[in-house]
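First comes the structure, then the notes that go with it.
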Amino acid sequence: MVLALVLTTSIAALAQNYGSAVGGRLTRGLGATYKTHIGQKGNALEGIAYFGIGGNSYFDFTLLYEVQNDLGNAERLQWYYGGGPSVGTYFGNDGGLLLGINGIVGLEYTFKFPVVASLDYKPRVNLSGIGFGDFTGLALSARYILK
C-alpha cells in the first residue's frame, strides 16, 4: 500500500514539473548532469561535468541557466534554451586552462515514470584554451528524477 501511494504521488508530480534530476550525458565523450528547477516555473540550473576525448582530451564543468517552455499541446514535452560559463582543463603537451561561454537549446521529455530524457545542442566559444570553440555539441541526456 505504501509503495502504491509513493508511485501515485511520484507520477502525479511528474505530470506537473519535477524539482531535480541527475543522470548521464552522451556526446563525443561522457558526462554527468544535474538539473534543478528554481524560482518561477520553467527556470532551471543545469550543471554538466564532462570529459571530452579525441584529438584534444579535456575535462570541464559547465553551469547553465535554462528557460523551459511547453511545446504546443504536446503532453510532457518541453523545449528549452539558455546559456552559461564553463571552466576546465585540457591535456596534452600544451595543457592548460579552458574557459568558455556556452549556449544551449533542446527538447526534454518527462516520462510517466521518474525519468526525463533530453536532446540538445550546446555550442561553446572558448575564451582561453584549445581552438575557438566547439560547435558540434549535440548530446543525449537521461536523468532520474529525485523530486
- request: Kindly indicate the residue of segment 122-147 that is in contact with a Lys or Arg (Cβ under 6 Å, 6 or more places away or on another chain) and in a strand (DSSP E or B) and also surrounded by the most Cβ atoms within 10 Å (Cβ to Cβ) among those meeting that condition.
  value: Ser141
- request: Look through segment 32-41, keep the residues that are more than 14 Å from Gly106 (Cβ to Cβ) and not polar (S, T, N, Q), and return whichever of them is surrounded by the most Cβ atoms within 10 Å (Cβ to Cβ).
  value: His37
task: Starting from residues that are of a type in the set (A, V, I, L, M) and in contact (Cβ under 8 Å) with a residue 24 or more places away in the chain, keep the ones in segment 49-70 and report whichever is farthest from Gly84 (Cα to Cα).
output: Ile53
query: Pairs, please: C-beta under 7 Å, at least 6 apart or cross-chain, first residue farther than 30 Å from Gly52 by Cα and in segment 8-27, second of a type outside the set (Phe, Trp, Tyr) and at pLDDT 50 or above?
result: Ser10/Pro114; Ile11/Lys112; Leu14/Thr110; Leu14/Lys112; Leu14/Pro114; Leu14/Ile145; Asn17/His37; Asn17/Lys41
- prompt: Of the residues Glu75, Glu46, which is acidic (Asp, Glu), closer than 23 Å to Tyr18 by Cβ and within 13 Å of the chain's Cα centre (by Cα)?
  reply: Glu46
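The values are calculated or read from the model by the stated rules, or taken from the named source; none is laboratory data. Keep in mind that what you see is a predicted model, and the values were worked out from it rather than measured. Virtual Cβ from ideal backbone geometry, glycine too; neighbours counted across all protein chains shown.
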